[in-house]
């Protein structure tokens with residue numbers, strides 16, 4: 001595997017920072033939509049070296065963080081079902097439901113397996129014909145096509161012991177919801193890189209067209225993000241407002257048509273509950289009606305918990321996910337809520353804002369930072 | 001955020017430990033530390049264990065003896081670049097070496113799964129014999145247990161080693177001073193990446209080889225330099241965990257630079273694919289040395305003459321900026337804290 005070093009060159013970083021300082025002429029609140037960006041920004045300590053007037057507002061783009069407690073409770077209920085294997089991506093293991101997590105269930109003897117691709121979940125079903133394999137599938141546009149493919153594959157193989165508990169969420173509707181919220185103040189967007197490789201850049205045209213905010217779709221290395229900031233500032237300086245692609249080594253205008261076809265064949269849009277944000281119309285995808293045999297929610301409806309769980313009242317995950325609050329605004333941050341004992345999902349995923357702050361930001365406060 | 005948040009949380013009492021043991025209790029991160037500090041240290045109560053070093057240095061009247069033990073449960077037990085056998089020998093031998101001891105004897109205890117092919121066991125035992133010869137140790141005692149099929153995963157090995165520490169030599173994090181230099185003996189994360197790549201069937205153009213190696217030659221080459229404060233091998237938890245432990249024990253700040261840390265290209269590749277941080281990946285043939293500034297150049301020069309440490313480099317310095325915490329200078333010029341990992345590294349999903 002070849003990796004390009006220019007994205008990690010300190011000299012390039014210094015040059016971009018100079019350009020940014022030169023162009024920056026006032027406060028700028030930028031929402032990075034994707035959790036991968038949050039991770040990279042916080043991990044590199046970027047806010048220490050940027051002009052203090054540039055603020056990142058961390059967006060709702062961490063699939064683990066926006067999965068509602070009710071959905072976790074459903075997965076836990078299925079994990080307790082006899083002869084059932086829950087297959088899921090690693091981060092979902094630790095997300096707290098209302099009284100347990102999949103990790104705790106696993107320690108108590110439930111069959112919970114971490115998979116790295118959706119087809120691994122199908123393979124589990126083939127290898128364990130006497131068990132039901134429930135693939136707990138969460139994700140944005142990036143992972144939805146691959147998850148959809150697993151259903152197509154299971155159908156081709158004639159499997160009757162494979163089903164999917166899905167929490168698939170879409171970026172554009174939640175951006176609209178965020179922009180329509182008067183509490184949220186954002187001047188520009190860092191567009192999600194991986195999501196855009198699938199859907200293309202065209203999905204974000206409504207942001208400049210209807211909301212008059214620039215969008216730059218960015219790669220994930222700190223230098224990618226610095227270059228994207230430079231492009232946003234340049235748009236502002238030149239009085240432009242449009243969708244631009246910094247991550248041009250991976251993103252095209254129309255995305256990946258084959259992946260988009262899979263999504264259309266397998267899923268249909270539904271109203272979706274977002275943790276901390278609430279329900280948003282047509283912001284989620286669930287399996288099409290003719291594929292209900294693979295939908296764990298319908299297949300095991302009798303196992304689903306009846307009670308709607310309460311979100312922990314001391315947790316402000318929702319406001320953090322909407323970019324209204326920062327982790328340090330939360331009374332539980334770092335004390336009642338830590339990565340070992342998370343209260344909310346933002347502390348669980350490595351892409352969660354709170355987890356990223358917890359791991360990487362303590363030193364800024366202690367040393368007073370190295371802002372110039 | 002106030003200073004209080006930076007303070008380490010109060011040690012748990014035994015009742016506060018989780019109801020059931022979780023996988024993360026064996027990952028070398030916070031839960032492992034919690035378990036050790038809450039359960040084993042108080043129960044097995046003795047000064048050697050309390051020091052929480054890589055080895056216990058005993059002090060009989062004639063000669064000072066180092067004692068260390070380690071269990072090996074690696075999955076898969078044969079991986080590119082090594083197997084559980086040479087790992088079990090090198091791991092314990094290296095722990096002895098990190099205290100400046102000359103390794104001398106090992107014991108080995110096996111837990112085998114019913115149904116393990118004899119030739120697999122022979123292959124592993126042979127690797128152990130070869131590794132022991134290379135490391136200059138004799139395996140003088142052992143034990144074998146067999147458990148039912150399914151109750152273990154192939155085989156597990158526990159080795160215990162004894163070594164002798166020269167008169168007057170006292171390596172310890174307590175001797176670290178502000179201004180000291182941090183040296184690492186080569187590339188980082190090779191073993192962890194090799195095992196992960198193999199486990200998940202990720203094929204790169206070339207296979208990532210584990211760095212499993214005996215560090216005897218490296219340590220013997222530099223042991224006489226009086227400026228060496230201490231050494232550690234960054235195994236479970238990786239480089240980040242080791243510099244954090246050294247910062248914590250010394251009450252100083254080990255500050256390392258992202259630009260000075262060298263990764264093999266394939267290791268960086270797998271980290272990007274699986275969303276892992278190489279600083280937290282295990283190494284099995286590397287050491288971190290903290291050295292007085294005036295002897296750093298000489299130490300580096302000598303290390304580079306030895307095969308196992310030919311890529312040795314200075315990766316940072318010791319400061320008193322943030323006492324008890326390690327930090328990383330990122331390549332864009334910011335500085336952030338390096339904490340212990342809370343749980344096993346789990347891959348990103350988007």
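The values are calculated or read from the model by the stated rules, or taken from the named source; none is laboratory data. These figures come from a predicted structure and were not determined experimentally. Cβ sites come from the backbone with ideal geometry, for glycine too, and all protein chains shown count toward neighbours.
List of remarks:
- Test: residue in segment A:13-28 that is more than 9 Å from chain B (Cβ to nearest Cβ), assigned to a helix (DSSP H, G or I), farther than 22 Å from residue A:214 by Cβ and in contact (Cβ under 8 Å) with a residue 24 or more places away in the chain: no
- Answer from B:181, B:137 - the residue that is surrounded by 17 or more Cβ atoms within 10 Å (Cβ to Cβ), assigned by TED's automatic domain parsing to the domain that holds residue B:288 and within 20 Å of the chain's Cα centre (by Cα): B:181
- Per the conditions (1) surrounded by fewer than 20 Cβ atoms within 10 Å (Cβ to Cβ); (2) part of a helix (DSSP H, G or I); (3) in contact with a helix residue (DSSP H, G or I) (Cβ under 9 Å, 6 or more places away or on another chain), the sole criterion not satisfied by residue B:263 is (2).
Each row is one residue, and each column tells you yes or no for (1) touching a helix residue (DSSP H, G or I) at 6+ places or on another chain (Cβ under 9 Å); (2) buried (at least 24 other Cβ atoms within 10 Å of the Cβ); (3) in a helix (DSSP H, G or I).
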site: A:36; (1), (2), (3): yes, yes, yes
site: A:39; (1), (2), (3): yes, yes, yes
site: A:48; (1), (2), (3): yes, no, yes
site: A:52; (1), (2), (3): no, no, no
site: A:59; (1), (2), (3): yes, yes, no
site: A:63; (1), (2), (3): yes, yes, no
site: A:67; (1), (2), (3): yes, yes, no
site: A:70; (1), (2), (3): no, no, yes
site: A:73; (1), (2), (3): no, no, yes
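- Search result, residues across segment B:307-329 that are within 23 Å of the chain's Cα centre (by Cα) and in a loop (DSSP other than H, G, I, E, B): B:310, B:311, B:312, B:323, B:324, B:325
- Any chance residue B:160 is at pLDDT 90 or above and farther than 19 Å from residue B:283 by Cα: yes
- Of all the criteria given as (1) free of Cβ contacts under 8 Å to residues at least 12 places away in the same chain; (2) farther than 30 Å from residue A:182 by Cβ; (3) in contact with a strand residue (DSSP E or B) (Cβ under 8 Å, 6 or more places away or on another chain), the one not satisfied by residue A:279 is (2).
- Members of segment B:315-328 that are in contact with a helix residue (DSSP H, G or I) (Cβ under 7 Å, 6 or more places away or on another chain), surrounded by fewer than 19 Cβ atoms within 10 Å (Cβ to Cβ) and either more than 12 Å from residue B:253 (Cα to Cα) or facing chain A (nearest Cβ under 10 Å) (or both): B:321
- Which listed residue is more than 21 Å from the chain's Cα centre (by Cα) and in a strand (DSSP E or B), from B:130, B:111: B:111
- In the set (1) at pLDDT 70 or above; (2) part of a loop (DSSP other than H, G, I, E, B); (3) in contact with a helix residue (DSSP H, G or I) (Cβ under 9 Å, 6 or more places away or on another chain), the condition left unmet by residue B:71 is number (2).
- Residue check, residue A:167 buried (at least 24 other Cβ atoms within 10 Å of the Cβ), in contact (Cβ under 8 Å) with a residue 24 or more places away in the chain and under 30 Å from residue A:294 (Cα atoms): yes
- Scanning segment B:228-243 for residues that are in contact with a strand residue (DSSP E or B) (Cβ under 8 Å, 6 or more places away or on another chain) and part of a helix (DSSP H, G or I) yields B:239, B:240, B:242, B:243.
- Only listed residue being at pLDDT below 90 and in contact with a helix residue (DSSP H, G or I) (Cβ under 7 Å, 6 or more places away or on another chain), chosen from B:173, B:76, B:103, B:117: B:76
- Taken residue by residue, segment A:104-122 has no member that is surrounded by 19 or more Cβ atoms within 10 Å (Cβ to Cβ), within 14 Å of another protein chain (Cβ to nearest Cβ) and touching a residue at least 60 places away in the same chain (Cβ under 8 Å).
- Residue match in segment B:276-289 (condition: surrounded by fewer than 24 Cβ atoms within 10 Å (Cβ to Cβ), part of a loop (DSSP other than H, G, I, E, B) and in contact with a strand residue (DSSP E or B) (Cβ under 9 Å, 6 or more places away or on another chain)): no
- Some residue of segment A:284-296 being touching a helix residue (DSSP H, G or I) at 6+ places or on another chain (Cβ under 6 Å) and either assigned to a loop (DSSP other than H, G, I, E, B) or at positive phi (or both): no
- The one condition in (1) more than 30 Å from residue A:188 (Cβ to Cβ); (2) not assigned by TED's automatic domain parsing to the domain that holds residue A:76 that residue A:266 fails to fulfil: (2)
- Test: residue A:105 is more than 21 Å from residue A:198 (Cα to Cα) and not assigned by TED's automatic domain parsing to the domain that holds residue A:186: yes
- None of B:246, B:225, B:254 is part of a helix (DSSP H, G or I) and in contact with a helix residue (DSSP H, G or I) (Cβ under 6 Å, 6 or more places away or on another chain) except B:246.
This table checks each residue for (1) modelled with pLDDT of 80 or more; (2) within 11 Å of chain B (Cβ to nearest Cβ).
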site: A:291; (1), (2): yes, no
site: A:295; (1), (2): yes, no
site: A:313; (1), (2): no, no
site: A:335; (1), (2): yes, yes
site: A:340; (1), (2): no, yes
site: A:343; (1), (2): yes, no
site: A:356; (1), (2): yes, yes
site: A:368; (1), (2): no, yes
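- Residue within segment A:319-332 that is assigned to a loop (DSSP other than H, G, I, E, B) and at pLDDT below 80 present: yes
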